[in-house]
Every structure is written in C-alpha cells, then in structure tokens.
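Coordinate-derived values only; no laboratory data. As the structure is a computational prediction, the values presented were derived from the model and not from experiment. A quick note on method: Cβ atoms are made from the backbone with ideal geometry, for glycine too, and the neighbour counts reach across all protein chains shown.
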Amino acid sequence: MYQTITSPVNYGGIRLKNRIIFAPTSMGVPTEEWLARLQRIAKGGCAMIILGDVPVLPHGFGPSLYSKKGFALYKQAAELVHGEGCLLCAQLHQSDSDFKALVKYLPGFLCKKITADELRAKLNDGAGPLVTNMSRKKIRKITEAFGEAAVLAQKAGFDMIQVHGDRMCGSFSSTLFNHRTDEYGGSAENRARFAVEAVRAVRSRLPEMPIDYKLAVRQTHPAYGRAGVAEEELPVFVPLLEQAGVTSFHVTLADHCNLSDTIPPASHPEFHEEGCFLKFCDQVRALTRCPVCGVGGLTDPDFVEAQLAAGRIDCAAMSRQLIADPDWPNKVAAGQAGTIRRCVRCNRECLGGMMAHRGVHCIYEHKEERKS
C-alpha cells in the first residue's frame, strides 16, 4: 500500500533505505537524553537523521567538531544511529547572531522588561548589520571553514553533509538583511556568493561527498520568512548552488520570523495544511534534476505516499511527527499505519518546550506518564 514510502532511493549520491528523513531539530535536552533520542528515532525506521546546527568554526553553540570531546560525541552519535540501520547527515551552519550587539538588552531581559520573543526579534534584526559590515577576510574564513568542518564530520562518521541555507547563508542571500555594495551584495548572483563558496569549500575538500542544501525560501505574497531566498530569485540561486556541488535540496520556509511560522501549528493562518511547505518544492523541482526533500506538517501516510508517488518530492522529512511516534516508518512498512500516534501540530511541548527551555518533547509523553 505504501510502496513508494518504503522503497529505496538514491538521494543525491547516497542510498536511503526508504523515503523518510528526520528533519534537523534542536532538541535542547541533556547529552545522554539527546543520544538516546537519536537512537530511538533511528530504531523507528527512518532512513536518515539530519543532525542540526553543527558549527563550522571551532567556537560556536553546540558541540565542536574541532574539540576532542565534541568530536567523540558526534562519533558516538554516528555509531548509535548506524547501529540501528540509519544514516546520519551533518547540518553545517554558521550563526548570524551578533551577541555583542545584544549585550545592551540583557539588563532589560533579566528584569523582564523585554520578553524572550522580543529579545529573539532583536537578535534576528542584528543579522543585517552583521553580514552587511563583515570584512571579506572574515567571510572567506567562514566559507573555508565549511570545508574543514565537513572533513571532520566525515571522519566522525557522518554519511552526508547539509549546508544550512538559513542562518548566515540565508542572511547573505536576503535583500532584507544584505545591504552590501561589493561582490557579496546587490544582485541575486552576488548575494548567492557566500552560500556558493561554502558549498564549493565542501566539494573541494570532499569530491565524492553527497551535499544536501537546506534551501530556505522567503515567501513574498503574503510575506513570511526574512532570511533565505525570495521565491522569484530561486531561478538564480538553484542553478548556482547545483553548479557549486549541491546534490540534493531540502526545501522549507525561511527563518528569522516567528518560530510558529517555520514550525507552524495546525491553526496557522497560512501554513495550516498537511505538507504546508511543499509548494516551495514545486518551484525548486522545476529548476533542477537533483532530488528534492519536502517538509512541513507531514503526518498522514496516505498523503505522503501520494506526494512521493506523483514525483512531487523524492523524500519526506519529519520532525514533530517522529518525536510524537518514532515508529512511524516501521508501522507504515508493517501495514500498521492505523496505530500511528499522529502529531496534531499543537506545538505545546515541542516548540513550547523549547521556548520554555525544558527541551523538545510531546504531549503523548505526558499521556503515557499519566497511564503509568
């Protein structure tokens, strides 16, 4: 019944056992719980896990590939995931947050005169001046670091590299943030340069490594997302990224807006439907022969099978659904789709847990706790 979901696929040079990918997710839980969560999701049957926000520079948020401890942690994660028959992809990223500029707002935040959402908005707004005023020397240091980090990721056991097209790549891509007047600003070709150089750095160091690109799309009518690539500029960006070495595209809505837009609840005014971001995949599909992975409120096996079978997407990425029920892929393969705990996209314990600094969880966990 779900022949396409369960069929293997060549995803940009890597063979996946089925079409289900765990989307990059900031878990916000202690290390041991994080490792156990990754192993549990892998055991549930998905073909690959994308490990989000792996820093490209030695100093950054999250474990560092450059440190002995950080490298060992990533290696352990790869071994655990591989042990369950699942592949692992490293999402390499560089933050575009200017924390030095944020210091002046901390007293107000600590005194609760500024909310966490307001602080996050100011952090996002600071990305514009940061990328606009960055020196060419600093730019080249960062783009080259994508290649260095990719080599370390491969040594740690990662099977694929994903270049995070939001964050700094996205801010350089966006006219809303990038106001440079040199070769990194102005035209769409120039604003694509940072991302293109990051991809080339990976490709030059690892000629055979599959490179996925998280293509963050900025919707213009109505406006959603601020960083990333505007819909009308996709015909410029997609071919340039492919020429640089990208072998597949993971397509989603651009960030630097409300988190409830990029992680939309079922009540969202624009993105309430199943597969809410697949319309961006349609635009990308028309511009490339590279495999395309779709994401956005995917929960229903019948819907996912239909999109895959029609060739609209090559793979389906899920985060909240595989947190709600890691066994989604195994249940589909076993003909037990009716027993899946479907994500209802309430955002109470996933996005809500992250915002409350208690980690990403699910309402189903609390139901199970009450039963026990």
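Before moving on, here are some points about what is shown:
- Among 167-178, 226-237, sorting by the average number of other beta carbon atoms lying within 10 angstrom of each residue, highest first, gives 167-178, 226-237.
- Peptide packing for 202-208, 46-52 was compared via the average number of neighbouring C-beta atoms within 10 Å per residue; ordered from the highest value, the list is 46-52, 202-208.
- Ranked PHE99, PHE194, PHE303, criterion: other C-beta atoms within 10 Å, fewest first: PHE99, PHE303, PHE194
- Förster radius 41 Å - calculated FRET efficiency between HIS221 and TYR364, Cβ distance, rounded to 0.05: 0.65
- Percentage, to the nearest whole number, of Cα pairs in the range 9-342 over 34 Å apart: 20
- Neighbourhood net charge (12 Å Cβ-Cβ; Lys/Arg +1, Asp/Glu -1) for THR339: +1
- Taking 19 Å as the straight-line reach from the Cα of LYS122, the lysines in range (excluding those fewer than 8 positions away in the same chain) are LYS100, LYS104, LYS112, LYS113.
- Cross-link partners of LYS43 among lysines (Cα-Cα below 16 Å; sequence separation of 8 or more within a chain): LYS17, LYS331
- Between the range 107-177 and the range 260-321, the alpha-carbon centres lie 25 Å apart.
- Packing-based ranking, highest mean first, of 324-332, 247-255 given that Cβ atoms within 10 Å are counted: 247-255, 324-332
- Listing THR181, THR262 from fewest to most neighbouring C-beta atoms within 10 Å gives THR181, THR262.
- Positive dipole terminus of the range 278-347, leading residue within ILE340, TRP328, ALA317 (C-beta point charges): ALA317
- Neighbour net charge for ARG19 - beta-carbon separation under 13 angstrom, K R +1, D E -1: +1
- Rough spin-label spacing in nm, given labels placed 7 Å along Cα→Cβ, for GLU274 and LEU240: 3.7
- Exposure proxy ranking, count of Cβ atoms within 10 Å, fewest first, for VAL54, VAL360: VAL360, VAL54
- In the range 9-342, Cα pairs under 8 Å separated by at least six residues give a relative contact order of 17 percent.
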